[in-house]
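These notes concern the structure reproduced below.
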Amino acid sequence: MASLNRSPYGVYQITFRYQGKRYHRSLGTKSEAQAMRKKGVIETALEQLDTGTLAAPTNVTASQLFRFLQAGGRGAAPKPTVTDRVTLAVVSSEYLASYSLTAKEQSTLETEAQHLRHIERIIGAETSMSEISPAMLREYVRTRESEPGTHGRTVSAVTISKELATFRQLFEFATNEKLVDGENPLTHVRKPRPAQKPRFMTRSEIESAIARGGLTESDVAMFWECLFLSESEVGEFLTHVQRTATTFPRFFYIYPAIAFCAYTGCRRSEMFRAQVSDVDGSTIQIREKKRSQRETFTFRQVPIHSDLRRVLDDWLGAHPGGQTLFPKANLRPLDDRTSREAFRAVTKQSRWSVLRGYHILRHSFASNLARHGVDQRTIDSFLGHQTEASRQRYRHLFPADSQAAVDILDYTCVLVL
């Protein structure tokens, strides 16, 4: 009737159905024994509601219903009012538990959990939500701006802005659940301004810049983050992966998975979700989660390149079974950790070790289409959701480029003396 799982915090959560609706809530404990006891109480209350031996609560929020069930139906176990001290840690736990994996990606929930750990660390896990002020959030921004990030740099403005966006969602959740009232303190906090990301560059451009010297480790890392692969380099990389993958039988899927990303421009998470049935005739159906707030997936179509068709035909001939196009040995879909391990395994100790991950194949796909003069709208239709900032990073590659665009102007005139 109900099932348990653990959140990224290690806190037990319970999932159950009531009156045709699915609920997913935190049990507020890391103890398996306590979680099992609470699960038993909730299941008993649900059974009594189902048989009519317990009066069903009316006009209650999801949190009020959950507290009613936790109390075994003995009284309504009223929700804390906004005058009670509801802490940041409590709301964070309930917020993460409120989302099912059909609403958000597991990787998204893990990222938000990481954001909330930073917020709790700096603001204080036991701080009341109603006490969090704009001044506290501004101090949070200043603190994060001074903390070390990756590659010798401090935490980026982009990362801090994402953390603040998670807090905004957290506060909205608390407001909707009537755990807090009043204006969101983030309304009066300016997000840090991120620097514009550099354009995508070829390997030779990056190597020339590094050879000139005078760069820090952070500068070098930033350059490699801007790398895109030319068509011939993508081909060389795919050949390398195909040959290297044979030495890693655990990652038997890695070559067709990387080829899939290279020829469709899909995101890594979209490759995870791909089904065998998505490969149909002359197109591939890509399952996208970013476009809709109301639907689990939206779909877009990408034509199948003839080379990818041959790769997929070979792969499907050796496919281990199940509906997932690129499964692990246990037939479960790929996940972040396993896919990263596989990518590192086939790139380490090679000229491809500078590649940051699967995403380079996405922007290489876009960049190479741009170099061939493919219309921006067509590229967008293949890639799905894109920001204008993302487009700007490869727009300089269009062959009918800025010079041709400027040359079309004709300012000649007859000067009258």
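The numbers here are math on the coordinates, done by the rules we state, and not lab data. Small disclaimer: the values here were computed from a predicted structure and weren't measured. Using ideal geometry, Cβ is built from the backbone for each residue, glycine included, and neighbour counts are taken over all protein chains shown.
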Positive-pole candidate from S3, A71, V180, dipole of segment 2-188, charges at beta carbon = S3
Residue-wise HN-Hα coupling along segment 160-169, computed from phi with Karplus coefficients 6.51, -1.76, 1.60 (Hz; x: Gly, Pro) = 4, 4, 5, 5, 5, 5, 5, 4, 4, 5
note = For segment 346-358, Karplus-derived ³J(HN,Hα) couplings (6.51, -1.76, 1.60; θ = phi - 60°; whole Hz; x for glycine and proline) come out as 8, 10, 4, 6, 9, 5, 9, 5, 6, 5, 7, x, 4
query = If you keep only loop residues by DSSP, which trypsin sites (Lys or Arg not before Pro) in segment 205-288 have at most 10 other Cβ atoms within 10 Å of their Cβ?
reply = R212
note = Given the candidates V90, Y23, V60, the one whose Cα lies deepest towards the positive end of the charge dipole of segment 2-188, counting +1 at each Lys or Arg C-beta and -1 at each Asp or Glu C-beta, is Y23
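Full-extension gain between A157 and A209, please, as 0.36 nm times their residue separation minus the C-alpha to C-alpha distance.
Values: separation 52, 0.36 × 52 = 18.72 nm, distance 2.49 nm.
Gain on extension, A157 to A209, equals 16.2 nm.
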task = Would you please give the FRET efficiency between R351 and N330, computed as 1/(1 + (r/R0)^6) with r the Cβ-Cβ distance and R0 = 45 Å, to the nearest 0.05?
result = 0.85
request  = Work out the FRET efficiency for A55 and D307 from their Cβ-Cβ distance, taking R0 = 51 Å, and round it to the nearest 0.05.
outcome  = 0.20
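With charges only on Cβ, +1 for K and R and -1 for D and E, what is the dipole size of the chain about its Cα centre, in debye, rounded to 20? If you can, show how the numbers build up before the last one.
Working: 57 positive and 45 negative charges, 162 e Å.
Roughly 780 debye for the chain.
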query = Which ³J(HN,Hα) values in Hz, rounded to whole numbers, follow from the phi angles of segment 57-69 under the Karplus curve 6.51 cos²θ - 1.76 cosθ + 1.60, where θ = phi - 60° and Gly and Pro get x?
reply = x, 10, 6, 10, 6, 4, 5, 5, 4, 5, 5, 4, 5
request  = Express in nm, to one decimal, how much length is gained between R22 and T127 on full extension, taking 0.36 nm for each residue of separation and deducting their alpha carbon distance.
outcome  = 34.7 nm
query = What label, among (1) 88, 68, 47; (2) 84, 74, 38; (3) 68, 45, 42, belongs to Cα extents along the principal axes in Å computed from the structure on display?
reply = (1)
request  = Pop a pseudo-label 7 angstrom from the Cα along the beta-carbon direction at both R168 and E147 and give the gap in nm to one decimal.
outcome  = 2.0
task = Go through L164, A45, S208 and say which Cα lies farthest out towards the positive end of the charge dipole of the chain; charges sit on Cβ, +1 for Lys and Arg, -1 for Asp and Glu.
result = A45
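Once the Cβ-Cβ distance between E388 and S3 is put in as r, and R0 is 45 Å, what FRET efficiency do you end up with, to the nearest 0.05?
0.60
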ask   = Between Q13 and residues 5 or more places away or on another chain, which pairs have amide H atoms under 5 Å apart, with H built 1.01 Å from N, and which residues are they?
value = N5, R6, S7, L27
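With a 10 Å Cβ neighbour count serving as the proxy for reagent exposure, in which order, fewest first, do C226, C261 appear?
Working: C226 17, C261 21.
Least crowded to most crowded, the residues run C226, C261.
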query = Which pairs, out of K104/K162; K30/K328; K162/K197; K328/K348; K162/K289, put more than 23 Å between their alpha-carbon atoms?
reply = K30/K328
